[in-house]
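> This is the structure I have questions about; it appears just below.
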Ligand SMILES: [Ca+2]
Ligand SMILES: [Ca+2]
Ligand SMILES: [Ca+2]
């Protein structure tokens, strides 16, 4: 894939497309289907009532539109595996039925014990709740992952399923091989009082996770709102499915088609960099020591909390400015000890709210752990994490091309597994400069990569335990080595140097 970001046509354009589709209902069904086709990647119709039997025979799906999906967050390198999936949905009074097919010349199943994420699996997601833009898996929202070990089960109730809230639903499925892949017919109960009605909309998503040449090397994903393989932790990126009573000529109009991140940023009050003025910057357009009027050095043992390997120094070997960039270089000495540098603006400058942008090129290699982040000047609300932490960019060499953005607070932090975070692919982060930014307002933290919306965290107005971000924070730039996360998969034994280049740090308010 080339780029993680997807520019969605405006809501107005979709409305126009929808109006055109809506005024030609006859055309939509002239192909003999009992419901209109999907709006690709946006919405699909659920014809009802139908009579589906979970038996591997697809004659009962005749007339129900089959939707093809070939949009991939990551694409299989093998032309005969996981290049696309097909799906159909239908319903009766009690169940939502889902048919899925994955083209796959080599079905990997049962190779990783219980870790089916590494194998060929297909999954569908439903949001039966009242909030189609929910960002957490509250009741009524489920991920149902069906893996290849279920092929030819003796009973449609005898399933190995994984996912979220999967135990809340008595899902049944017939899973079977086909000439060129595998497929299933599944049923998920709609729940009492939750039956179909013409035009009723639910959240819906389908995805095929492919093991082709390597584990998890393909991800075919239907909803265009999911540009980063994050449906598993964010129901707001599901698409939509609308019930369609067979025989009706009035086609329901989609009123809530979800919001992409850019629309959400605007709705939540983010105004971007252009609306602000530059108030502080280091362009690193000088030579030698980093400007000590702007930068302080962290203590040698500042990484001890995460069991990092390096000790931080103030020497030019570990940090210096030249050719327009600040270089932070981790070095391994002859005894295998790592030194590095961690610069911060603490006791120099801090800010409350603003737009903070850093342009950087990251170090590669197993064991590296560079970070661009912000910490509170004063622990007004108590020690970590009560006073907050803003991770604009974290990267670990063990996950090449994955950028992590996180927010830590007293009730949202990794120690209790509730941190707010997004990890997504950004290509060539170690070969090219990219910009990493956060826009911090009283209402939220809005993160950008290369000016594209990446992640956000809102002030839920419940006090400092969720939102301690109303006090001054300072900026930190560092390259750690090893540690609880960076060293999780060990260190590259041949690595003896790793450097992060920072072109500039700019603060706008
Ligand atoms: Ca059947
Ligand atoms: Ca496969
Ligand atoms: Ca520069």
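Only the coordinates and a few stated rules stand behind these numbers; no lab work does. Keep in mind the model is a prediction, meaning the values are calculated, not measured. A quick note on method: Cβ atoms are made from the backbone with ideal geometry, for glycine too, and the neighbour counts reach across all protein chains shown.
> What order, most packed first, do the peptides 354-362, 189-197 have when packing is the mean number of other Cβ atoms within 10 Å of each residue?
Highest mean packing first, the order is 354-362, 189-197.
> From Cα pairs below 8 angstrom and at least 6 apart in sequence, can you work out the relative contact order of the chain, rounded to a whole percent?
Once divided by the residue count of the chain, the mean separation gives 14 percent.
> Right, another one. Have a look at the DSSP beta bridges in the chain and tell me what percent are antiparallel, nearest 5.
Around 95 percent antiparallel, to the nearest 5.
> Now for a separate question. Using a Förster radius of 60 Å, what is the FRET efficiency between residue 138 and residue 334 based on their Cβ-Cβ separation? Nearest 0.05, please. Please report the intermediate quantities before stating the final value.
Values: r = 55 Å, r/R0 = 0.92.
So the FRET efficiency works out to roughly 0.60.
> I've got another one for you. Could the peptides 157-164, 249-256 be put in order, highest first, of the mean number of other beta-carbon atoms found within 10 Å of their residues?
Sorting 157-164, 249-256 by mean packing, highest first, produces 157-164, 249-256.
> Assuming 0.36 nm per residue, please report the length gained on full extension of the stretch residue 94 to residue 496 beyond their Cα-Cα distance.
Numbers: separation 402, 0.36 × 402 = 144.72 nm, distance 6.18 nm.
That pair, residue 94 and residue 496, stretches by 138.5 nm at full extension.
> On to the next question. Using just the Cα positions, wrap the chain in a convex hull and report its mean projected area in square nanometres, one decimal place.
Mean projected area of the Cα convex hull: 25.2 nm².
> How far, in nm, would the chain grow between residue 216 and residue 197 when pulled straight, counting 0.36 nm per residue and subtracting the alpha carbon separation? The partial results should precede the final answer.
On the way: separation 19, 0.36 × 19 = 6.84 nm, distance 3.76 nm.
Full extension from residue 216 to residue 197 adds 3.1 nm.
> Roughly how many whole Å is it from the C-alpha centroid of segment 173-189 to that of segment 35-93?
Using only Cα atoms to place each centre, the spacing works out to 11 Å.
> Let me know the shape class of segment 415-458, please: from the alpha-carbon gyration tensor, a ≥ b ≥ c as square roots of the eigenvalues, rounded when a/c is under 1.5, otherwise prolate if a/b is greater than b/c, or oblate.
Verdict is oblate for segment 415-458.
> Using just the helices of the chain, give the 222 nm mean residue ellipticity in deg cm²/dmol: DSSP H runs with n ≥ 4 each add -39,500 (n - 2.57), and the total is spread over all residues, rounded to 500. Intermediate results must be reported in sequence, preceding the final value.
Numbers: 4 runs with 27 residues, N = 509.
Helix contribution divided over all residues of the chain: -1500 deg cm²/dmol.
> Also, quick follow-up: Once you keep just the Cα pairs under 8 angstrom separated by 6 or more residues, what percentage relative contact order results for segment 11-259? Intermediate results must be reported in sequence, preceding the final value.
Details: 598 pairs, mean separation 64.7, N = 249.
Rounded, it is 26 percent for segment 11-259.
> By how many nm would the segment from residue 154 to residue 316 grow when fully extended, if each residue of separation counts as 0.36 nm and the alpha-carbon distance is taken off?
Additional length available on full extension: 51.5 nm.
> If you line up the Cα atoms of segment 266-508 on their principal axes, what length do they span on each, largest first, in Å?
On the principal axes, segment 266-508 reaches 52, 40, 34 Å in Cα extent.
> Also, I was wondering about something else. For segment 182-302, what is the largest minus smallest coordinate of the Cα atoms on each principal axis, given in angstrom and ordered from greatest to least?
Over segment 182-302, Cα extents along the principal axes are 75, 43, 26 Å.
> Helix 11-22: angle to the longest alpha-carbon principal axis of the chain, degrees 0 to 90, nearest 10?
Once rounded, one gets 10 degrees.
> Can you tell me the order of 234-240, 170-176, 291-297 when each peptide is scored by its average per-residue count of other Cβ atoms within 10 angstrom, highest first?
234-240, 170-176, 291-297
> Rg to Rh ratio, segment 11-259, alpha-carbon atoms and Kirkwood radius?
When Rh is taken as the Kirkwood radius, the ratio is 0.94.
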